[in-house]
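Participant: What follows is a single structure, and I will ask about it in a moment.
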Amino acid sequence: MLYRLDLYRRLIGVQMRSQLQYRTAFLLDTLTTASQVVTAFLTLALILQRFDNVGGWKLPEVAFLYGMVEMAFGSMDMLFSGFDPDNFSLQVQRGLLDQLMLRPVDITLQVLGSEFIVRRIGRIAQGAAVFALGLALLPIQWTPLKLVYLPVVFASLVCFFGGLFIIGATITFWTVESIEAVNIFTYGGTEMMAYPMSIYPDWMRRFFTYIVPAIFLNYYPALYILGKPDPLGLPAFAPFLAPVAGFSVLLVAALFWQFGLRHYQSTGT
Amino acid sequence: MTPIIRVTNLRKYFRVSLRAKGLVGTVRGLFTGDYRLVRAVDGISFEVQPGELVGYLGPNGAGKSTTLKMLTGLLVPTSGELHVNGRVPWRERKAYVAHIGAVFGNRSTLWWDLPVVDSLELLQYIYRVPPAAFRRNLDEFRELLELDAFLDTPVRSLSLGQRMRADLCAALLHNPDLVFLDEPTIGLDVVAKERIRQFILHVNREHGTTVLLTTHDLSDVEKLCERVMIIDHGQLLYDGTLSGLRERFGGKRELVVDFAEDYADVSVDGVEVAGREGPRVVYRFGREDMSASQLISALSERFRIEDLSVREPDIEDTVRRIYEERLLE
């Protein structure tokens, strides 16, 4: 286990060193990603000024949702970028997986260590800024449980998005043409989770409750922490399902990934 | 001796789906039976003894890469048995690859942005090479491969020849029992090719490393391999010595004679006159027709000879003929 951690650290170290070699490009990239997040939120803020609220959520409340999702997605995108379906399928075509399979260490660990996009820091930082803005403007009744639960929600979101990336990467073993379809889930899912779920049509909400349990990862924990009533009438424990949902998605993804690897070994590319 | 590679009736068939366009096509392809079966490797058997240096030849698409991928554990065979270095490669991947080395000529195993030496050190960690052994091997290889000039250069800035040398070094740092080299000299100039051949020979002789290499360059085979295997259409066509191959399929040899005079009739029974330019005549004859000495004595009885030389058929021609005329089927 220690060996694996150390190996991971070394592999990530390689990625960091390579990226910092191009300092200017790195800084520009970081700034660009960051400004995209801020621009998007500013647009939202302007719209909210006009309409006052989105589905009963005021601007600082939406900032809470939005900032949380951005921070979590950014962190995931940094940690799991080896599994980014677009990049992964390209690497597989270049024979990366064959190279990794020739080394006497775990393949998953190597894929995880094959990419680490440091410049995602920009997205995380801006997400954090939006989140902090929300916290500052909101009269949240903090309890110890809420304080403990907040980082758990964050970690669950990272697991959830990571799981989606892994599932997307695995699908590219069979087809690279459907990457766009997979991206709808990851990128579209992030986008969707940044807003209160109550604004979406019924069928969509049901899909993201029972099929892909996204609703438990951001919306319900936010209801609980912000002390808002549940307009959808789910059981009272619904806000606490975030770790269950996040972890199950990651687990399903890991199993699918193992299955995909076996498939790859029997068909090649 | 126990063979280091034992392959028995190995097969690898691929299903190539006939309508794999788009998500719908792929999903449908999972359920319907519309596919074409490609027999990439179709029942080959061979053994390799420890310390051998074997050339594995075949035209593009013959099944070379598929065989190599099965031998290195990247692909699971459709049927047949495969034991390499005491293991079943695909079943015990990690334990197996720890004791083999592999270089796939067209791609590098090194980290693109990292100086060569950092890549090598990372591999030392991955293969858990003891520091002393690592030092010893690195010192030896950097001299033989002349790595010093670019040890601190990032891999992305290396020339093809330098990259190949660095990759060879990387593949052998952990003292593998057996190394697979896929086109190790592809795209290199004559000097670079020669250096790499010398290195392969050295590792094979001094370290006793078993080597299996594929190549398109037959001078690689001529200079390195005692034994060649030829595969085409997924089947092993020939497995034996290089000289045996030449003897069996060598085609005709040529005798070039410079006569003292311009004789009118220089024909010899059973021998073709392939060319004539004044007193210089080229005879072409098969091994089954007569030996070179028989032909020479027959000629010297009738004519005065100034000079002569025998040309052996090109191995390149030989192999091309085997592929084209399907001599071995």
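The values are calculated or read from the model by the stated rules, or taken from the named source; none is laboratory data. Because the structure is a prediction, the values reported are computed rather than measured. All Cβ positions, even for glycine, are placed from backbone atoms using ideal geometry, and neighbour counts span all protein chains on display.
Participant: Restricting to region B:116-140, and then to whatever is touching a residue at least 40 places away in the same chain (Cβ under 8 Å) and more than 10 Å from chain A (Cβ to nearest Cβ), can you tell me which residue is surrounded by the fewest Cβ atoms within 10 Å (Cβ to Cβ)?
Facilitator: Out of the qualifying residues, it is B:ALA133.
Participant: Does region B:98-115 hold any residues that are more than 9 Å from chain A (Cβ to nearest Cβ) and of a type in the set (A, V, I, L, M, F, W, C), and which are they?
Facilitator: Correct list: B:VAL103, B:LEU110.
Participant: Run down A:TYR224, A:TYR264, A:TYR195, A:TYR219 and say which single residue is within 14 Å of chain B (Cβ to nearest Cβ) and in contact (Cβ under 8 Å) with a residue 40 or more places away in the chain.
Facilitator: A:TYR264
Participant: Could you identify the single residue in B:SER219, B:SER309, B:SER267 that is free of Cβ contacts under 8 Å to residues at least 12 places away in the same chain, surrounded by fewer than 17 Cβ atoms within 10 Å (Cβ to Cβ) and of a type in the set (Ser, Thr, Tyr)?
Facilitator: Testing whether each residue is free of Cβ contacts under 8 Å to residues at least 12 places away in the same chain, surrounded by fewer than 17 Cβ atoms within 10 Å (Cβ to Cβ) and of a type in the set (Ser, Thr, Tyr) leaves just B:SER267.
Participant: For region B:94-107, state whether one or more residues are of a type in the set (Ser, Thr, Tyr) and over 30 Å from B:PRO3 (Cβ atoms).
Facilitator: Scanning region B:94-107 turns up no residue that is of a type in the set (Ser, Thr, Tyr) and over 30 Å from B:PRO3 (Cβ atoms).
Participant: Now, a different point. Considering each of A:ALA236, A:ALA253 in turn, give the residue that is surrounded by 20 or more Cβ atoms within 10 Å (Cβ to Cβ) and among the aliphatic types (A, V, I, L, M).
Facilitator: After applying the criteria, what remains is A:ALA253.
Participant: Hey, another quick one. In region B:86-108, which residues are of a type outside the set (A, V, I, L, M, F, W, C) and within 20 Å of the chain's Cα centre (by Cα)?
Facilitator: Passing the criteria: B:GLY101, B:GLY105, B:ASN106, B:ARG107, B:SER108.
Participant: I'd like the residue in region B:222-253 that is under 13 Å from the mean Cα position of the chain (by Cα) and in a helix (DSSP H, G or I) and, out of all such residues, is surrounded by the fewest Cβ atoms within 10 Å (Cβ to Cβ).
Facilitator: Ranking the qualifying residues of region B:222-253, first place goes to B:LYS223.
Participant: Take the residues of region A:9-44 that are over 20 Å from the mean Cα position of the chain (by Cα) and aromatic (Phe, Trp, Tyr): which is nearest to A:ASP77 (Cα to Cα)?
Facilitator: In this case the residue turns out to be A:PHE26.
Participant: Would you check if there is a residue in region A:124-134 being crowded, with 20+ Cβ neighbours inside 10 Å and β-branched (Val, Ile, Thr)?
Facilitator: yes
Participant: In region A:11-25, what residues are surrounded by fewer than 16 Cβ atoms within 10 Å (Cβ to Cβ) and in a helix (DSSP H, G or I)?
Facilitator: A:GLY13, A:MET16, A:ARG17, A:LEU20, A:GLN21, A:ARG23, A:THR24, A:ALA25
Participant: Of everything in region B:254-275 that's over 15 Å from B:ASP289 (Cα atoms) and among the β-branched types (Val, Ile, Thr), which residue is farthest from the chain's Cα centre (by Cα)?
Facilitator: The qualifying residue farthest from the chain's Cα centre (by Cα) is B:VAL266.
Participant: Which one of the conditions (1) touching a residue at least 12 places away in the same chain (Cβ under 8 Å); (2) surrounded by 15 or more Cβ atoms within 10 Å (Cβ to Cβ) does A:TYR200 fail to meet, given that it meets all the rest?
Facilitator: Of the numbered conditions (1) touching a residue at least 12 places away in the same chain (Cβ under 8 Å); (2) surrounded by 15 or more Cβ atoms within 10 Å (Cβ to Cβ), the odd one out for A:TYR200 is (1).
Participant: Could you tell me whether A:THR39 is within 23 Å of A:SER81 (Cβ to Cβ) and surrounded by 14 or more Cβ atoms within 10 Å (Cβ to Cβ)?
Facilitator: Judged against the criteria, A:THR39 is not a match.
Participant: Now, a different point. With region A:90-162 as the region, which helices (runs of 4 or more DSSP H) entirely inside it contain at least 3 residues that are more than 16 Å from the chain's Cα centre (by Cα) and within 14 Å of chain B (Cβ to nearest Cβ)?
Facilitator: Answer list for region A:90-162: A:96-101, A:107-112.
Participant: Does region A:40-49 contain at least one residue that is part of a helix (DSSP H, G or I) and either hydroxyl-bearing (Ser, Thr, Tyr) or within 14 Å of another protein chain (Cβ to nearest Cβ) (or both)?
Facilitator: yes
Participant: Looking at region B:226-244, which of its residues are out of contact with any Phe, Trp or Tyr (no Cβ under 6 Å at 6 or more places or on another chain) and aliphatic (A, V, I, L, M)?
Facilitator: B:VAL228, B:ILE231, B:LEU236, B:LEU237, B:LEU242
Participant: When the residues of region A:19-39 are filtered to those that are among the polar types (S, T, N, Q) and within 30 Å of A:LEU59 (Cβ to Cβ), which remaining residue is farthest from the other protein chains (Cβ to nearest Cβ)?
Facilitator: Filtering region A:19-39 for residues that are among the polar types (S, T, N, Q) and within 30 Å of A:LEU59 (Cβ to Cβ), the one farthest from the other protein chains (Cβ to nearest Cβ) comes out as A:THR39.
Participant: Just one of the numbered conditions (1) in a helix (DSSP H, G or I); (2) among the charged types (D, E, K, R); (3) more than 20 Å from B:LYS69 (Cβ to Cβ) is not true of B:ASP167; which one?
Facilitator: (3)
Participant: Something else now. Restricting to region B:84-125, name every residue that is outside any loop (DSSP other than H, G, I, E, B) and of a type in the set (Val, Ile, Thr).
Facilitator: Those that are outside any loop (DSSP other than H, G, I, E, B) and of a type in the set (Val, Ile, Thr): B:VAL84, B:VAL97, B:ILE100, B:VAL103, B:VAL116, B:VAL117.
Participant: Give the residues of region B:82-97 that are buried (at least 17 other Cβ atoms within 10 Å of the Cβ) and within 11 Å of another protein chain (Cβ to nearest Cβ), sorted by residue number.
Facilitator: Those that are buried (at least 17 other Cβ atoms within 10 Å of the Cβ) and within 11 Å of another protein chain (Cβ to nearest Cβ): B:PRO89, B:TRP90, B:ARG93, B:TYR96, B:VAL97.
Participant: Still on this model: Sort out which residues of region B:63-81 are within 17 Å of A:GLN99 (Cβ to Cβ), facing chain A (nearest Cβ under 8 Å) and outside any loop (DSSP other than H, G, I, E, B), and write them in order of number.
Facilitator: Passing the criteria: only B:LYS69.
Participant: Could I ask something else about it? Can you pull out every residue in region A:50-64 that is in contact (Cβ under 8 Å) with a residue 24 or more places away in the chain and outside any helix (DSSP H, G or I)?
Facilitator: Residues satisfying the conditions are A:VAL54, A:GLY55, A:GLY56, A:TRP57.
Participant: Would you be able to tell me the number of residues in region A:45-57 that are modelled with pLDDT under 75 and either crowded, with 17+ Cβ neighbours inside 10 Å or within 20 Å of A:ALA128 (Cβ to Cβ) (or both)?
Facilitator: Summing the residues that are modelled with pLDDT under 75 and either crowded, with 17+ Cβ neighbours inside 10 Å or within 20 Å of A:ALA128 (Cβ to Cβ) (or both) in region A:45-57 gives 1.
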